[in-house]
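Peer 1: This structure is in C-alpha cells; I'll ask about it shortly.
Bear in mind these aren't lab numbers, they're just calculated from the coordinates by the rules spelled out. Keep in mind the model is a prediction, meaning the values are calculated, not measured. Here Cβ is always computed from backbone atoms with ideal geometry, including for glycine, and neighbour counts include all displayed protein chains.
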Amino acid sequence: AHAEVWVVLLAGSVFMLTVSGVRPVHFSVLPNLSGGPEELVSANAMSAASDEFAEFLGPVLAGLLFALVGAWLVLAVGAALALVAVVLGLRIEAGSPSTEEEPEGWRAALEGLAALRGDGPALALLIVLTIDFILAGALGVIGISFAEDVLGQGEFGAGLVVGAMGIGGVVGAVFAGGLSRRPRVAALVVGGAVMSGVAYAVIAGLAALLPVMVALAFVGAGGAITLVSGRTLLQRTTDDRILTRVFAVQESTAFLATAFGAALALLLLRRFDVAEAFIPVGIGAAVLALAALLLIRHLDDNAVLHPAEVALLRRVSFLGVLPPYELERLAARASWREVPAGTVVVRQGDPGYEFFMVGEGLLGVTIDGVERPQLGAGAGFGEIALLRSVARTATVTALEDSTLLVVRSEDFLAAVTGSEDGQALARDVAAAQLDRDRS
C-alpha cells in the first residue's frame, strides 16, 4: 500500500501479463463450450456483461474501501477475488486436444499476426474493438480530474465516474446478446462504437454527477454492444486452429489501446480544460468507427450462418458430438441437391465420394436386391463407404421428389476424424450398420 513507484509498476505489469494470457484462451474456448451459434452469442454476451459489471463494481468498491480503510484492503480484496477465479477455472474442460501438429514458441505467437496480415476487414474489426478500451483508458485519467475539479467529488465520487461505464455495459451486453444472433452484425459493431463516442463527447457539457453517470452508462452500453458483436464476428470468421492466437492479438491491442487512451488523455489535459478533453476523444472514436464500416461489412459476407443445415447434420449421432464451429464449417461447405422420383442416388458396388442427409422426401434402400427400411427426412446415408474406404454397400433410390444435403468426402472425413469422440462414434455406427446389412 505504500510501495515505491517502481514496485507498483512492476506488480501491475506482471498482473496485466497474466490477464493477457488468460483472456485470449477464454474467448477461443467459448466456441467449444457452447452448444451452438446462439449459445456462443449468449456466452459472449455473458462475458461482456460480467466484464462491464466488474468495471463498475471495481472502481466503486475500490473508492469506498480506500476512503474508509485504506489502499491495503483494496489490494487484499483484489487478490482474494483472483484466487477465487483460479479455483473456478480449474475444472473447465473444452474437449479433446487437437491431434494436428501445432507450431510452438514464437512461431505460434506470431501466427495470429500472420493470419491477419493483409486482411483489411479483420484488421479494421480489431481497431474498432479497441475503441472501448481507448475510451476507458482516457476516462481513467480525465474522469478522476473531472470528478474533482468539475463535479467537486472525492475518491468515492471519482470511483462512481470511472465505474459508470460498467453500468451501461451490463445492459448493453444483454441487449447485444439478442441482436448478435443475426447473420449480419457489422453495423451493430460500428453502431455501438459510434454511440460510445458521441455519448463520451456529450460529457463535456455536463456539470452534475448523475447526468455524467448516465452519459457514461451510454458509453459503456455502446462499448459492450461493439465487443459482443465484434467478438462473435471474429469467432465466426476465424479458423479455430488459430483462434486463440488471433484473440491474443486482439487482447494485446486492447491493452495497448488502454495505455494509448491514458497517454492521450494526459496530452489533451495539457491543451484543453478537463471538460473539453472529452470532446476530441469521443468524436475521434465515432469517426474511426464509421471509417471502418465498409471494410467490416465484408466479414459478414464470410460469416453467413446455416441454421437449417446445422440442425440437420446434428441429427446424425457421430456429427452431433462435433464442436459447434466444426458443424458450422461442415454446413457451409455442404450443398443441396434436388432429386426427382426414380433417381438412383448411390448404387451398390460403386465408389463413394459423398455423404447424404435427407432434408425432404423418401428414399428406398436395397442390398443385394433385398429391400431394406426406407429413409425419410433426417436420415443420413453413405458414411460406410467413406469411413471404411470401400464401395457402396447399398443402392438408394428416390421414391418421391426429394431434397438431399450433400457433403463431400474430404469435408466429411476432415470433420469426423478431427474429433476423437466423433471418430470413435462414427466407427461404431459404421460397424453396426454393416452388421445389420449382412444380417
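Peer 1: Which value, in Å to one decimal place, does the Kirkwood hydrodynamic radius take for segment 266-309 when every pair of different Cα atoms is included? Walk me through the numbers before you get to the answer.
Peer 2: Working: mean 1/r = 0.0745 Å⁻¹.
Averaging 1/r across every pair of different Cα atoms and inverting gives 13.4 Å.
Peer 1: So what's the projected area for segment 355-409, the Cα convex hull averaged over all directions, in nm²?
Peer 2: Numbers: hull surface 14.6 nm².
Averaging across all directions leaves 3.7 nm² for the Cα convex hull.
Peer 1: Sorted by average packing, counted as other Cβ atoms within 10 angstrom per residue and highest first, what order do 388-397, 375-384 take? Could the numbers behind the result be given before it?
Peer 2: Values: 388-397: 17.4, 375-384: 19.1.
So the order, starting with the most tightly packed, is 375-384, 388-397.
Peer 1: What does the highest-first list of 259-269, 188-198 look like by mean Cβ count within 10 Å?
Peer 2: Working: 259-269: 17.2, 188-198: 24.9.
The packing order, highest mean first, is 188-198, 259-269.
Peer 1: Label-point separation (nm) for D411 and V86, each offset 7 Å from Cα along Cα-to-Cβ?
Peer 2: Placing both labels 7 Å beyond Cα along the Cβ direction yields 4.6 nm.
Peer 1: For segment 333-376, take N as its residue count and report Rg(C-alpha) divided by 2.2 N^0.38 Å.
Peer 2: Relative to the 2.2 N^0.38 Å estimate, segment 333-376 comes out at 1.22.
Peer 1: What's the local net charge at G223, with K and R +1, D and E -1, over the other residues with C-beta under 14 Å away?
Peer 2: Values: positive: R231; negative: D51, E52, E55, D132.
Spelling it out: positives minus negatives among the neighbours equals -3.
Peer 1: Can you tell me the FRET efficiency between V344 and A187 if r is taken as the Cβ-Cβ distance and R0 is 45 Å, rounded to the nearest 0.05? Don't jump to the answer; show the numbers that get you there.
Peer 2: On the way: r = 47 Å, r/R0 = 1.05.
Efficiency at R0 = 45 Å is approximately 0.45.
Peer 1: Per 0.36 nm of contour for each residue apart, how much would the distance between L294 and L33 grow if the chain were fully extended, relative to their Cα-Cα spacing?
Peer 2: Details: separation 261, 0.36 × 261 = 93.96 nm, distance 3.20 nm.
Computed gain between L294 and L33 is 90.8 nm.
Peer 1: Which whole-number percent of Cα pairs in segment 124-164 have a distance greater than 13 Å? Could you put the intermediate results ahead of the total?
Peer 2: Details: 430 of 820 pairs.
So the pairs more than 13 Å apart make up 52 percent of the total in segment 124-164.
Peer 1: Next up: Hey, can you rank 275-286, 2-13 by average C-beta count inside 10 Å, highest first? Intermediate values should be presented prior to the final figure.
Peer 2: Details: 275-286: 20.5, 2-13: 9.7.
Sorting 275-286, 2-13 by mean packing, highest first, produces 275-286, 2-13.
Peer 1: For segment 129-202, compute Rg over Rh where Rg is the Cα radius of gyration and Rh is the Kirkwood radius from the inverse mean 1/r over Cα pairs. Mind dumping the intermediate values first?
Peer 2: On the way: Rg = 14.5 Å, Rh = 13.6 Å.
Using only Cα positions, Rg/Rh for segment 129-202 is 1.06.
Peer 1: Sticking with this one: What is the sum of charges, Lys and Arg at +1 and Asp and Glu at -1, for the other residues whose Cβ falls under 15 Å from the Cβ of F15? Before the final figure, lay out the partial values.
Peer 2: Numbers: positive: R23; negative: E251.
Residues close to F15 contribute a combined charge of 0.
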